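Just below is one structure, and these are the notes that go with it.
Each value in this text was obtained by applying a stated rule to the coordinates, not by laboratory testing. Keep in mind it's a predicted model, so treat the numbers as computed, not measured. Don't worry about glycine lacking a Cβ; one is built from the backbone with ideal geometry, like all the others, and counts go over all protein chains shown.
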Amino acid sequence: MKTLKDLDVKNKRVLVRCDFNVPLDEKGEINDDFRIKQTLPTIEYLLKNKARVILMSHLGDGGSLQVIQKRLEKYLGVPVLLGKKKAGEGEILLLENLRFHKGEEKNDEKFAKGLAKLGDVYVNEAFAVCHRPHASIIGVPKYLPSAAGFLLEKEIKILSRVLEDPWRPLVVIIGGLKIESKIKVIKQFLEKADQLLVGGKIAEPILIVKGICVGRPWPLEEVVKEIEKFNLTSTKLHLPIDALVSPDETGEMYVNEAAPGRVRKDEMLLDIGPETIKMFSKIIKEAKMIVWAGPVGLFERPFFEKGTKAIAEQIVRNYKAFKIVGGGDTLSALKKFGLRDKFDHISTGGGAMLAFLGGEELPGLKILEQQ
Ligand code: 3PG
């Protein structure tokens, strides 16, 4: 795969796909700019080498990149023009949220060609989106000389080591919200990992299909199909044995501890319970390598932060294990608990990191390898 230093960028328009999909707070302000900071070396290198820099990213599914523009200006100290067609000498162009356009997620050819016309060369600096076959990831590099940015290169180097030769026992912890994409990697990790701990929203459809959680809405058909592919009775698979439940996400009405089979129809599972914390902790303690993506509860709310905090602390306490963590929400949780610097590698990818470590071929990497 070509990397940034293989490209001649002097006086060229360099189109850089970044992942500025950062967590925002209720007021729309940036909660955690780790992903932005991680792309700065590539942008600074391009500026230093007299390239004309055009940045593009998505942010959620619909917000403006104005908050990103301001943060970039603060860090880079040069004007960043948002949504404009042209930038002057020493200025940076930042395209508006790519997902404003339907063509992005559909990998529409016309849309990809339109993007490609804005640059002379293409740099992929968005490891966290490489599992998505979107126009800015797999469409644009068909039309331009392309390479991996410094961050993408670093992620592949470190994660490849884990993929090829993991220390054992390898314990993988999966949680979070993005059920449709994460459910696909469970099967792979049941083969690769020694223990797989599942919490957060993603645990619920598995508990339902297993027949443990009853009387709850049946999960989406595509999710059920994926669940049916893996061995639900595997002794490596560990699901919550108790949970914190409440009628809503504030937890203000009441919060109860309940076994998953006893959760009422009008209640939500919002965190793992104390018995699950104990069970998960025991397994984490024995690990030599730990991969974690996705909080195990709604850690943003004080009533439901306990499970995620306990898991984070237990991982950190295991000083002999090599610890990898990834994903926007998990990184926010670690920031909240002040534990981020205790990990060996912090990946900018959540779903992408899991897909890569699960041995999947990421479309965004495949296209760069074909260059
Ligand atoms: C992420 O946050 O994992 C990436 O930015 C991809 O976002 P997506 O899941 O909305 O495609």
Quiz item: When only alpha-carbon atoms count, how far does segment 4-151 stretch along each of its three principal axes, as whole angstroms with the largest first?
Solution: 41, 35, 26
Quiz item: Under a Cβ-Cβ cut-off of 12 Å, what is the net charge of the residues other than D248 that fall near it, where Lys and Arg count +1 and Asp and Glu count -1?
Solution: -3
Quiz prompt | Where Rh is the Kirkwood radius over Cα pairs, Rg/Rh for the chain | solution = 0.99
Quiz item: For segment 1-57, what is the Kirkwood hydrodynamic radius in Å, using each pair of distinct C-alpha atoms?
Solution: 12.7 Å
Quiz item: Excluding same-chain residues fewer than 8 positions from K265, which lysines have a Cα within less than 16 Å of its Cα?
Solution: K201
Exercise. Compute the relative contact order of segment 48-107 as a whole-number percentage, counting only Cα pairs closer than 8 Å that sit 6 or more residues apart in sequence.
Key: 41 percent
Practice problem: Quick one: among N124, N256, N21, which has the greatest mean-square fluctuation in a GNM of the chain with alpha-carbon springs under 10 angstrom? | Solution: N256
Exercise. For segment 125-152 and segment 297-371, compute the distance between their C-alpha centroids and round to whole Å.
Key: 22 Å
Practice problem: Let me know the shape class of segment 104-161, please: from the alpha-carbon gyration tensor, a ≥ b ≥ c as square roots of the eigenvalues, rounded when a/c is under 1.5, otherwise prolate if a/b is greater than b/c, or oblate. | Solution: oblate
Quiz item: So in segment 1-145, what percent of DSSP beta bridges are antiparallel if you round to the nearest 5?
Solution: 5 percent
Quiz item: Whose amide H sits under 5 Å from the amide H of I173, counting only residues 5 or more places off or on another chain, with H placed in the peptide plane?
Solution: L197, V291, W292, A293
Quiz prompt | Antiparallel DSSP beta bridges within the chain, percent to nearest 5 | solution = 15 percent
Quiz item: If each Cα of segment 239-371 is one equal point scatterer, what is log10 of I(q)/I(0) from the Debye formula at q = 0.12, 0.22 Å⁻¹?
Solution: -0.54, -1.26
Quiz item: Amide H to amide H, which residues 5 or more places from D120 or on other chains are under 5 Å from it, using H placed in the peptide plane?
Solution: R13, V14, L15
Exercise. Taking each pair of different alpha-carbon atoms in segment 124-227 once, compute 1/r for the pair, average those values, and report the inverse of that mean as the Kirkwood hydrodynamic radius in Å to one decimal.
Key: 16.2 Å
Quiz prompt | DSSP bridge orientation in segment 214-371 - percent antiparallel, rounded to nearest 5 | solution = 45 percent
Quiz item: For segment 158-357, what does the alpha-carbon gyration tensor say about shape, rounded, prolate or oblate, given a ≥ b ≥ c as the root eigenvalues, a/c under 1.5 as rounded, and a/b over b/c as prolate?
Solution: oblate
Quiz item: Short version: ³J(HN,Hα) in whole Hz for each residue of segment 262-277, in order, from phi by Karplus 6.51 cos²θ - 1.76 cosθ + 1.60 (θ = phi - 60°), x for Gly and Pro, what are they?
Solution: 10, 6, 6, 4, 8, 10, 10, 7, 10, 6, 6, x, x, 5, 5, 4
Practice problem: With runs of 4+ DSSP H residues as the only contributors, calculate the mean residue ellipticity of the chain at 222 nm using -39,500 (n - 2.57) per run, divided by the residue total and rounded to the nearest 500. | Solution: -10500 deg cm²/dmol
Quiz item: In the structure shown, do any of K225/K323; K278/K320; K229/K282 have a Cα-Cα gap over 22 Å, and if so which?
Solution: K225/K323; K229/K282
Quiz prompt | segment 152-194: Cα Rg divided by the 2.2 N^0.38 Å rule of thumb | solution = 1.30
Quiz prompt | Loop-exposed chymotrypsin sites (Phe, Trp or Tyr not before Pro) per DSSP, neighbour cap 16 Cβ within 10 angstrom, longest uninterrupted part of the chain | solution = 1-142
Quiz item: Hey, in the GNM for the chain with a 10 angstrom Cα cutoff, which one of L76, L151, L170 fluctuates hardest?
Solution: L76
Quiz prompt | Derived scalar couplings ³J(HN,Hα) [segment 244-253; Karplus, 6.51 cos²θ - 1.76 cosθ + 1.60; whole Hz; x for Gly, Pro] | solution = 8, 10, 7, x, 9, 6, 6, x, 6, 6
Practice problem: For the chain, find the longest principal axis of its Cα atoms and tell me its angle to the long axis of helix 66-76, 0 to 90°, nearest 10. | Solution: 70 degrees
Self-check item: Set K74/K178; K50/K157; K2/K142; K2/K110 screened for pairs whose C-alpha atoms are more than 20 Å apart
Solution: K74/K178; K50/K157; K2/K110
Exercise. Mind scanning K5/K336; K12/K366; K117/K192 and naming the pairs with a C-alpha gap bigger than 32 Å?
Key: K5/K336; K117/K192
Self-check item: Amide H partners (placed H, <5 Å) of A51, local residues excluded
Solution: N11
Quiz item: Which residue, chosen from V316, G114, L24, occupies the Cα position most advanced towards the positive end of the dipole of the chain, where the dipole is computed from +1 (Lys, Arg) and -1 (Asp, Glu) charges on Cβ about the Cα centre?
Solution: G114
